[in-house]
Amino acid sequence: MKLFRASNQTQSAKSRRIYAAFEILDTIIAFLAALSFLVGSVLFLWKEYEITAAWFFIIGSLFFCLKPTMRLLREIRLASLGDAKDLADKAFREKPGSQIFAKRSTTVRRCTRFAFR
């Protein structure tokens, strides 16, 4: 399964719950980043708080770095949900000559032909 596909978000109830949880986490991180920058900006109005303000900017920047990291983790988690079915098919595949094996072999041949054109 590929990353950053909209279909990954809605393939099952579990994937929808994971997507919703990561969206909430993303919103919290964005809010904390904005709040850190706001506090840092206000603190820069007074000379004696400039170092503290700089630390709030650094903290806000770290929160902004977390946002794409969380999105990537979400996509990896969602993409991994689709692999369970593929792994189960491979683990319980019947012997050569059966319908499942023949169907999978045909699919592999088609994919191989397409990939090496």
Karplus couplings for the stretch 29-44 from phi (6.51 cos²θ - 1.76 cosθ + 1.60, θ = phi - 60°), rounded to Hz, Gly and Pro as x?
5, 4, 5, 5, 5, 5, 5, 4, 5, 5, 4, x, 5, 5, 5, 5
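Add +1 for every Lys or Arg and -1 for every Asp or Glu among the other residues with Cβ under 14 Å from the Cβ of residue 24, and state the total.
Working: positive: 16, 17, 67, 71, 74; negative: 23, 26.
Residues near residue 24 contribute +3 overall.
For the stretch 6-84, report the % of Cα-Cα distances exceeding 16 Å. Display every interim value, and only then the final one.
Numbers: 1762 of 3081 pairs.
Result: 57 percent of Cα pairs exceed 16 Å.
Every number here is computed from the coordinates shown, using simple stated rules; none is lab data. Everything quoted here is computed from the prediction, not taken from an experiment. In this analysis, Cβ positions are derived from the backbone assuming ideal geometry, glycine residues included, and neighbour counts consider all displayed protein chains.
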